[in-house]
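Heads up, the thing below is written out as structure tokens.
The values are calculated or read from the model by the stated rules, or taken from the named source; none is laboratory data. Computed from a prediction, not measured in an experiment: that's the story for all the values here. Positions of Cβ are backbone-derived with ideal geometry, glycine not excepted, and every protein chain shown enters the neighbour counts. Surface areas here come from the heavy atoms of the whole protein model, side chains and all, with no ligands, DNA or RNA. Shrake-Rupley method; radii C 1.70, N 1.55, O 1.52, S 1.80 Å.
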Amino acid sequence: MSAFLWTRPDTPAHASLLLAHGAGAPMDSTFMGKLATALVLQGVAVARFEFSYMAGRRTGGSKRPPPRADKLISEFQTALQATLAETEGPLLIGGKSMGGRVAAMLGGGGSLPARVKGICCFGYPFHPTGKPDADWRMSPIEDAKRPVLILQGERDPFGNKAELDEIKLPDHVSLSYLEDGNHDFGPRGRSPATLDGNIEIAAKATANFAQDI
């Protein structure tokens, strides 16, 4: 696990979010930076961290694919314990794509500390990209012991709106769409939506989620 990359509001935060990256991009990617900045403007402090395979790439380590998601749960648990020691008040756990899936897995196994109030998934990988006929990755969000918020681009190849409209999610899972968004929430050029606008909407939904729970 890497050191934390904190982004904090100037005033006391309403909540803190422990945020993991996706499978292929680091904690300081453009998406992660934009999301952290937007969340801070909504009063949510953000602690970003990297799984060891990604942190190793910074020092010339292997660029092999990441381990299976379930192999990363213990690293997320370690990051959670460190975050609990550094913060006060309500805490959310979550991540981009794979990071959100690992957070949900952590939320379904054992017992989470009482301060952990919810799980946030930014672009949840419901199925392998472009393969809706493959086995869906529903167990992590179905088994989660905390409320789950999923922010999903309408065109996300890991689970788009048309596909998700055909399934029923558990009552503890809330799903919000980003207009014409892809997996990184970016719309097409002809869309009236914008990337920054979609990220702002996602950040506001996250802040509201934190206050509601």
Inset, instruction - Between LEU35, LEU164, LEU17, find the one with the highest GNM mean-square fluctuation for the chain; connect C-alpha pairs within less than 10 Å. - result: LEU164
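Ignoring ligands, DNA and RNA, please state the percent of accessible area on the chain from carbon and sulfur, probe 1.4 Å. Walk me through the numbers on the way to the answer.
Details: 4880 of 9690 Å².
The computed percentage sits at 50.
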Inset, instruction - Count the net charge of all other residues whose Cβ sits under 14 Å from the Cβ of GLY186, scoring Lys and Arg as +1 and Asp and Glu as -1. - result: -2
Inset, instruction - Please give the calculated 222 nm ellipticity per residue for the chain, where each DSSP H segment of at least 4 residues contributes -39500 (n - 2.57) and the sum is spread over every residue; nearest 500 deg cm²/dmol? - result: -9500 deg cm²/dmol
Inset, instruction - Quick one: check the C-alpha center-to-center distance for segment 32-47 versus segment 153-213, whole angstrom. - result: 17 Å
Inset, instruction - At 1.4 Å probe size, with every protein chain present, just tell me what the per residue accessible area of the chain comes to in Å². - result: 46 Å²
Legend entry - Interchain or long-range residues, amide H under 5 Å from ILE150's placed H: CYS121, SER174, LEU175, SER176
Inset, instruction - Can you check what the net charge comes to around ALA162, using other residues whose Cβ is under 10 Å from the Cβ of ALA162 (Lys, Arg +1; Asp, Glu -1)? - result: -2
Inset, instruction - Return, for the Cα atoms of segment 1-123, the radius of gyration and Dmax in Å, separated by a comma. - result: 13.5, 41
